[in-house]
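Visitor: Below are the structure tokens for one structure; questions will follow.
The values are calculated or read from the model by the stated rules, or taken from the named source; none is laboratory data. As the structure is a prediction and not an experimental result, all values here were calculated from the model. Neighbour counts are summed over all protein chains in view; Cβ atoms, including those assigned to glycine, are modelled from backbone coordinates with ideal geometry. Please note that ligands, DNA and RNA were not included when accessible areas were found on the heavy atoms of the full protein model with its side chains. Shrake-Rupley method; radii C 1.70, N 1.55, O 1.52, S 1.80 Å.
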Amino acid sequence: MAIFYYPWYATSAHDGAWDHWNQNSHRPPGDLYSRFYPARGPYSSNDRAVVGQQLADISTAGIDEIISSWWGRGSVEDARLPLVLAVARRHHVQVAVHIEPYPNRSAETVLQDVQYLATLGIRDVFVYHPRDIASADWAAMRPQLPPGMRLFAGTELVGFAAAGLFDGFYTYDFINYGSAKFSRLCTQAHVVHLLCAPSVGTGYDGVRAVEAAVLSARRAGVTYDNLWTAALAAKPDMVTITSYNEWGEGTQIEAAAAHHGYRNYDGAWGLIGAAAQTAYLTRTAYWTGRFHSTP
């Protein structure tokens, strides 16, 4: 059970400048790069107290592993990885890395990445947009992976993941590759001995952030429940959740508060007010419990 996690937020008070909350010309703290307003307010991902609260959320929700966004050596996300690792250990949560499509990424640079990440104790690596690199190049890299390292391809093309000698695949995008496709994808994966890790999510709303003009309504929790139901029916090896805190795209399960001009979680599973703020965390605990109790 794993969830995509974003350690890229910064505030002027904590870091000297805003980052991500101000993307696409937004002006925090009143005007955020999000359709929702975090219950913690706009925060810094470099604040140990905040990261501790987030990992406590994740652990309490029954999630075993976070998949931390990572944009290569020397990136902000790389600099914050030691903090994420240290706090996650305290909460008994494993840390994986989501290798994003950083400039000049290649099979050779990813090999160097995973060798470095292995020294930090990371054993699961998820590769976003792996089809930017030929499957033959991934396959050639495979024998050089550190012992025990598992590589997951972010793709709906199971054949590509198999040809690239990945250990498994995940979809991340739960809109185009959602509930109707989970069973077929997991069946295909298991035939070729790949791990199936379909991605479920709450909904998508990047309108205010000026992200992709796609809308997937949360429907008071129905969207999330339907995806979870389909994912468990597909007999996956792992379920991946999009996301803990991708606020710009509005996929987050992190607590959100009522704030003028922003959406909130009121109505989700019949909850209102303070109880609704953590509705998606609470519901995630229900679904992870179902997953962990499945024979």
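Visitor: Between ALA180, ALA230, ALA209, ALA213, which is in a helix (DSSP H, G or I), at pLDDT below 95 and not aromatic (Phe, Trp, Tyr)?
Guide: Exactly one residue qualifies, and that residue is ALA180.
Visitor: I've got another one for you. Checking VAL84 against (1) open to solvent by 70 Å² or more (accessible area, probe 1.4 Å); (2) in contact (Cβ under 8 Å) with a residue 40 or more places away in the chain, which test does it fail?
Guide: Condition not satisfied by VAL84: (1).
Visitor: In the range 98-110, which residues are free of Cβ contacts under 8 Å to residues at least 24 places away in the same chain and either within 18 Å of PHE4 (Cβ to Cβ) or touching a Lys or Arg at 6+ places or on another chain (Cβ under 8 Å) (or both)?
Guide: none
Visitor: Which of the residues belonging to the range 117-162 are small (Gly, Ala, Ser), buried (at least 16 other Cβ atoms within 10 Å of the Cβ) and over 22 Å from the mean Cα position of the chain (by Cα)? Full working, then the answer.
Guide: Of all residues in the range 117-162, those small (Gly, Ala, Ser) come to 118, 121, 134-136, 139-140, 148, 153-154, 159, 161-162.
When the remaining residues are screened for being buried (at least 16 other Cβ atoms within 10 Å of the Cβ), the result is 118, 135, 153-154, 161-162.
Once the filter is applied, which keeps residues that are small (Gly, Ala, Ser), buried (at least 16 other Cβ atoms within 10 Å of the Cβ) and over 22 Å from the mean Cα position of the chain (by Cα), the range 117-162 yields SER135, ALA162.
Visitor: Among the candidates THR11, THR60, single out the residue that is modelled with pLDDT of 95 or more and open to solvent by 60 Å² or more (accessible area, probe 1.4 Å). Give the steps one after another, and end with the answer.
Guide: On the way: THR11 fails: open to solvent by 60 Å² or more (accessible area, probe 1.4 Å).
Sole residue among the options that is modelled with pLDDT of 95 or more and open to solvent by 60 Å² or more (accessible area, probe 1.4 Å): THR60.
Visitor: Take LEU120 and tell me if it is more than 30 Å from ARG290 (Cβ to Cβ) and touching a Lys or Arg at 6+ places or on another chain (Cβ under 8 Å). Talk me through it step by step, then tell me what you get.
Guide: On the way: more than 30 Å from ARG290 (Cβ to Cβ): yes; touching a Lys or Arg at 6+ places or on another chain (Cβ under 8 Å): no.
For LEU120, the condition - more than 30 Å from ARG290 (Cβ to Cβ) and touching a Lys or Arg at 6+ places or on another chain (Cβ under 8 Å) - is not met.
Visitor: Within the range 67-81, track down each residue that is open to solvent by less than 20 Å² (accessible area, probe 1.4 Å) and in contact with a helix residue (DSSP H, G or I) (Cβ under 6 Å, 6 or more places away or on another chain).
Guide: Across the range 67-81, the qualifying residues are SER68, SER69, TRP70.
Visitor: Looking at PHE169, is it without any contact (Cβ under 8 Å) to a residue 60 or more places away in the chain, in a strand (DSSP E or B) and over 27 Å from VAL51 (Cα atoms)? Working first, answer last.
Guide: Details: without any contact (Cβ under 8 Å) to a residue 60 or more places away in the chain: yes; in a strand (DSSP E or B): yes; over 27 Å from VAL51 (Cα atoms): yes.
Against the criterion (without any contact (Cβ under 8 Å) to a residue 60 or more places away in the chain, in a strand (DSSP E or B) and over 27 Å from VAL51 (Cα atoms)), PHE169 qualifies.
Visitor: I want to confirm something. Restricting to the range 111-144 and keeping residues that are assigned to a helix (DSSP H, G or I) and either in contact (Cβ under 8 Å) with a residue 60 or more places away in the chain or touching a strand residue (DSSP E or B) at 6+ places or on another chain (Cβ under 7 Å) (or both), which single residue is nearest to TRP71 (Cα to Cα)?
Guide: Taking the range 111-144 and keeping what is assigned to a helix (DSSP H, G or I), we get 111-119, 130-132, 135-144.
Those still in the list that are either in contact (Cβ under 8 Å) with a residue 60 or more places away in the chain or touching a strand residue (DSSP E or B) at 6+ places or on another chain (Cβ under 7 Å) (or both) too: 113-114, 117, 130.
Values: ASP113: 10, VAL114: 13, LEU117: 12, PRO130: 14 Å.
If we take residues in the range 111-144 being assigned to a helix (DSSP H, G or I) and either in contact (Cβ under 8 Å) with a residue 60 or more places away in the chain or touching a strand residue (DSSP E or B) at 6+ places or on another chain (Cβ under 7 Å) (or both), then ASP113 is nearest to TRP71 (Cα to Cα).
Visitor: Look at VAL222 and say whether it is assigned to a helix (DSSP H, G or I), surrounded by fewer than 18 Cβ atoms within 10 Å (Cβ to Cβ) and over 15 Å from the mean Cα position of the chain (by Cα). Reasoning before the result, please.
Guide: Numbers: assigned to a helix (DSSP H, G or I): yes; surrounded by fewer than 18 Cβ atoms within 10 Å (Cβ to Cβ): yes; over 15 Å from the mean Cα position of the chain (by Cα): yes.
Answer is yes for this residue.
Visitor: Could I ask something else about it? Looking only at the range 250-265, filter to residues that are open to solvent by 40 Å² or more (accessible area, probe 1.4 Å) and under 23 Å from the mean Cα position of the chain (by Cα); which one of those is nearest to HIS26 (Cα to Cα)? Before the answer, list the steps.
Guide: Let us first name the residues in the range 250-265 that are open to solvent by 40 Å² or more (accessible area, probe 1.4 Å), namely 258-261, 263-264.
Narrowing further to those that are under 23 Å from the mean Cα position of the chain (by Cα): 263-264.
On the way: ARG263: 17, ASN264: 19 Å.
Looking at the filtered set, the residue picked out is ARG263.
Visitor: Give the residues of the range 27-78 that are in contact (Cβ under 8 Å) with a residue 24 or more places away in the chain and part of a helix (DSSP H, G or I), sorted by residue number.
Guide: Listed by number, the residues that qualify are ARG48, VAL51, GLY52, GLN54, LEU55, ALA56, ASP57, ILE58, SER59, THR60, VAL76, GLU77.
Visitor: So how many residues does the range 21-36 have that are open to solvent by 30 Å² or more (accessible area, probe 1.4 Å) and farther than 12 Å from ARG208 by Cβ? Even if it seems obvious, please write down each step before you answer.
Guide: Looking only at the range 21-36, we keep the residues that are open to solvent by 30 Å² or more (accessible area, probe 1.4 Å), and these are 22-25, 27, 29-31, 35.
Now narrow it down to the ones that are farther than 12 Å from ARG208 by Cβ: 22, 27, 29-30.
Number satisfying all stated conditions: 4.
Visitor: With VAL191, VAL214, VAL210 as the choices, which residue is touching a strand residue (DSSP E or B) at 6+ places or on another chain (Cβ under 8 Å) and surrounded by fewer than 21 Cβ atoms within 10 Å (Cβ to Cβ)? Lay out the reasoning, then the answer.
Guide: Working: VAL191 fails: touching a strand residue (DSSP E or B) at 6+ places or on another chain (Cβ under 8 Å); VAL210 fails: touching a strand residue (DSSP E or B) at 6+ places or on another chain (Cβ under 8 Å).
Of VAL191, VAL214, VAL210, the one residue that is touching a strand residue (DSSP E or B) at 6+ places or on another chain (Cβ under 8 Å) and surrounded by fewer than 21 Cβ atoms within 10 Å (Cβ to Cβ) is VAL214.
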